[in-house]
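Everything on this sheet refers to the single structure shown next.
The values are calculated or read from the model by the stated rules, or taken from the named source; none is laboratory data. Here the structure is a predicted model, which means the values were calculated and not measured. No Cβ is skipped: glycine too gets one built from the backbone with ideal geometry, and neighbour counts run over all protein chains shown.
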Amino acid sequence: MCEWFPILRGKYFTYTEYLFILTIVGFPVFSATSFSISKILNFLNRKKDRSLRLQSPESSGDEYYDSRTQDETISPTFRSISSEKQMLNPKPQPAGTPTVNFFNELGWFFASHWPGCFAVWSFLIPVWFAFILDYSIFLLRIRYRKKMDKLRLYTALQSKDKTEAYGRKVKPINSFYTKLTIFFTIFDILLHLLFTGFCVSSYQDYVGPIFGTASLSSTFTRYFQLPEFCPPGPPCHVYATLPEDTATSVFINVHTNEKYNVIGIEYELDHSSYESERDVKSQNSTSFKVAGTDRNGRRKLHHFYLDNLVPDSTYQLRIVYDGIVQHRTVYKTLPGQDSPRDVILVQGGDMGNTKATRDVTKATIAMNPDVLVLGGDLAYDNGMCECYFTWDYFLKDLEQVNEALGRLVPVIYSLGNHDAGIDEMNRRGGLEITEKGPFYMTYFPQHSRLSSRTKAILPEVPTFEERKSYHYHKIGKMLLFTLDSGYYSDLKEQALWMESILKDHLSWIKIALYHCPIYYACRDIAVKNHEVIDAQRKEWMPVFDDNKFMLAFENHEHYMKRTLSLRNDKYDSLGTVYIGNGQWGTYDHKNCKLYNETGVYESIQEVNHYWAVNISFNAGVVTNTPYDQDNKALLPPGIQRIDQYTMEDIKY
């Protein structure tokens, strides 16, 4: 996002930090520029004034008042008083004085409001302290102008009773500055209200104003535009994410009002399918506080790790707190590795919160998916806690799938740059995960805790500090790796980790999910992202090629593409098919030249879409088909045979 930034090119700071740097550098630059323009114009005015005086036969140069006293700090009130004198002694007037004053005051505006930049992006100092600093600089400026205007008035008066005339003529000056102080006090308060707690989100149509793909809001505007998302009472969101063994375990995630510190869950097999005695189990939540949001976004996060479940079975879930059942829902576990049942994945990425997003999400209901597999750039909050509402609307969009199918459809996510709030292949290393986010990391646990001593998997919810941006999931006899394109984790580290997992799953189907493509459809974007492309080719492609990965889900680019089966960048009937590239509800890149000179692409299209991947263990094939928001197939199904992608003959 910030690759255009001079020298640093988006690699060293988060998006919030870049915007903060632009602001705190921009304000002094604008201030200095305005002051310089003011001084230059004032110099030109004085030069013109001297020329006019030399041309005036009545001018002695002594009595001419404006050229010596009317500079950029004189108020309009004082000019009206001095004009009375000039009516008696008309002289040539310097041109452009209002323009001089405009740039001078503009310079003071940027200078006095520089501390407010910290409040806009919630850095270092609180809002009230920034306001005091801004306002103090402003009051000093007003007092100085008032004092100078009074001094000039007293000096300019020529009446015999100078004190009496001064007392009479100073009243308009006092009145003017009193009104000016009241006006700018109100203006300063409104300015801080309008810009404090600033959020810059993308691809959403709920909060504005909207400029192109960017949506701007502040604490003040959100107060009027947004509802309270998690009021007291039933949960505001209930959704499922997956740990490693998806057949016997699941994370149930619940958002409630902040007053509920711990909640409970009751779960049991659905007895409409099983004839057995009721075995109701329960547990309390692992709960976390959410910080950094507005009042309308305050909440508590509650996570449940349900394990020892029966594969491919339906469970009744009841969320309990405040002494009553607050919410009822249904969850169906995924099949185990010996199950012949088909598994349907719906995959896509780069979503946002637009009408197109909601239309594509609604279209996926027809596929009756077992799992949603989403490849990053989900809510487009840009890693800003002030943009919390984008996740509420994102989750609300996915809830239409749950409601239509009558069950919680689990979701597997990978991390994108607009979720992490930082560019890929950045130089920062792992960023801290706190109560303020990034909310992608705090809202969605996707792996179990690991024993600090043995590194064994523990059936527990990981803390914020323990959460990783890459993980794996077993679905039937398919192994899905969710990878991080260099936002929080090193690519080589992930390659070594994949190999350590793969050696125990040689006969399994292997699929990878990540955000930045290895195969870009747009030449301009590929050139701009060459660093991550080269790194992923170096670290990940050998793992894909050597271990017969069947599919790679790519995103980020906002196009629809499918490659041929590839190994070492060349066609191979048993190679990996790369599909993507993330356009669930976002717009395509205008004026981007699509290219296929290498011939590796089967198809490239500019269209909002999702992919339906049907893993048929019984038939022994995997098909992948892209669909648009009207559920029209955009390509014929891509078909791969499962038995051709096993690795049982390989020895590690």
Taking Tyr587, is it in the same structural domain as Pro636 (by TED's automatic domain parsing), within 21 Å of Gly349 (Cα to Cα), in contact (Cβ under 8 Å) with a residue 40 or more places away in the chain and part of a loop (DSSP other than H, G, I, E, B)?
-> yes
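Residue-by-condition table, conditions (1) part of a loop (DSSP other than H, G, I, E, B); (2) in contact (Cβ under 8 Å) with a residue 40 or more places away in the chain:
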{"site": "Arg278", "(1), (2)": "yes, no"}
{"site": "Gln283", "(1), (2)": "no, no"}
{"site": "Phe288", "(1), (2)": "no, yes"}
{"site": "Tyr315", "(1), (2)": "no, yes"}
{"site": "Val330", "(1), (2)": "no, yes"}
{"site": "Gly336", "(1), (2)": "yes, yes"}
{"site": "Pro340", "(1), (2)": "yes, yes"}
{"site": "Leu345", "(1), (2)": "no, yes"}
Can you name the number of the only condition in (1) closer than 30 Å to Ser122 by Cβ; (2) out of contact with any Gly (no Cβ under 9 Å at 6 or more places or on another chain) that Ala363 fails?
-> (1)
Would it be correct to say that Ser287 is on the phi < 0 side of the Ramachandran plot, modelled with pLDDT of 95 or more and buried (at least 16 other Cβ atoms within 10 Å of the Cβ)?
-> yes
Determine whether Leu216 is under 27 Å from Ser122 (Cβ atoms), aliphatic (A, V, I, L, M) and touching a His at 6+ places or on another chain (Cβ under 8 Å).
-> no
Applying the selection to segment 108-140, what residues are surrounded by 19 or more Cβ atoms within 10 Å (Cβ to Cβ) and within 11 Å of Thr196 (Cα to Cα)?
-> Gly116, Cys117, Phe118, Ala119, Val120, Trp121, Ser122, Ala130, Phe131
The correct count of residues that are free of Cβ contacts under 8 Å to residues at least 60 places away in the same chain, in contact with a strand residue (DSSP E or B) (Cβ under 7 Å, 6 or more places away or on another chain) and assigned to a loop (DSSP other than H, G, I, E, B) in segment 189-217 is 2
Within segment 93-134, of all residues that are modelled with pLDDT under 80 and of a type in the set (Ser, Thr, Tyr), the one nearest to Pro28 (Cα to Cα) is Ser122
Flag if Asn426 is in a loop (DSSP other than H, G, I, E, B), within 30 Å of Trp121 (Cα to Cα) and out of contact with any strand residue (DSSP E or B) (no Cβ under 8 Å at 6 or more places or on another chain) = yes
Is it the case that some residue within segment 267-279 is under 24 Å from Asp392 (Cα atoms) and crowded, with 16+ Cβ neighbours inside 10 Å?
-> no
If you go through Pro227, Pro243, the only one that is in contact with a strand residue (DSSP E or B) (Cβ under 7 Å, 6 or more places away or on another chain), assigned to a loop (DSSP other than H, G, I, E, B) and under 30 Å from Ser414 (Cα atoms) is Pro243
If only one of Val607, Val622 is in the same structural domain as Asp359 (by TED's automatic domain parsing), over 23 Å from Asp534 (Cα atoms) and in a loop (DSSP other than H, G, I, E, B), which one is it?
-> Val607
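Let's see how each residue does on (1) in contact with a strand residue (DSSP E or B) (Cβ under 9 Å, 6 or more places away or on another chain); (2) surrounded by 24 or more Cβ atoms within 10 Å (Cβ to Cβ); (3) free of Cβ contacts under 8 Å to residues at least 60 places away in the same chain; (4) farther than 24 Å from Leu480 by Cα:
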site	(1), (2), (3), (4)
Thr364	yes, yes, no, no
Met367	yes, no, no, no
Leu378	yes, yes, no, no
Cys385	yes, yes, no, yes
Could you tell me which numbered condition Asn568 fails, if it satisfies all but one of (1) in contact (Cβ under 8 Å) with a residue 40 or more places away in the chain; (2) under 27 Å from Glu499 (Cβ atoms)?
-> (1)
Quick one: what pairs do we get from segment 451-475, first residue under 22 Å from Leu374 (Cα atoms), second of a type in the set (Phe, Trp, Tyr) and assigned to a helix (DSSP H, G or I), C-beta under 8 Å, 6+ apart or different chains?
-> Tyr470/Trp497
Matching residues in segment 25-50 (modelled with pLDDT of 85 or more and either closer than 30 Å to Ile525 by Cα or in contact with a Gly (Cβ under 6 Å, 6 or more places away or on another chain) (or both)) number 6
Does segment 555-575 include one or more residues that are buried (at least 17 other Cβ atoms within 10 Å of the Cβ), in the same structural domain as Ala356 (by TED's automatic domain parsing) and among the acidic types (Asp, Glu)?
-> yes
Residue that is farthest from Ser218 (Cα to Cα), among those in segment 347-382 that are over 20 Å from the mean Cα position of the chain (by Cα) and in a strand (DSSP E or B) = Val371
Scan segment 445-469 for residues that are out of contact with any Pro (no Cβ under 9 Å at 6 or more places or on another chain) and buried (at least 22 other Cβ atoms within 10 Å of the Cβ) and jot them down.
-> Ser469
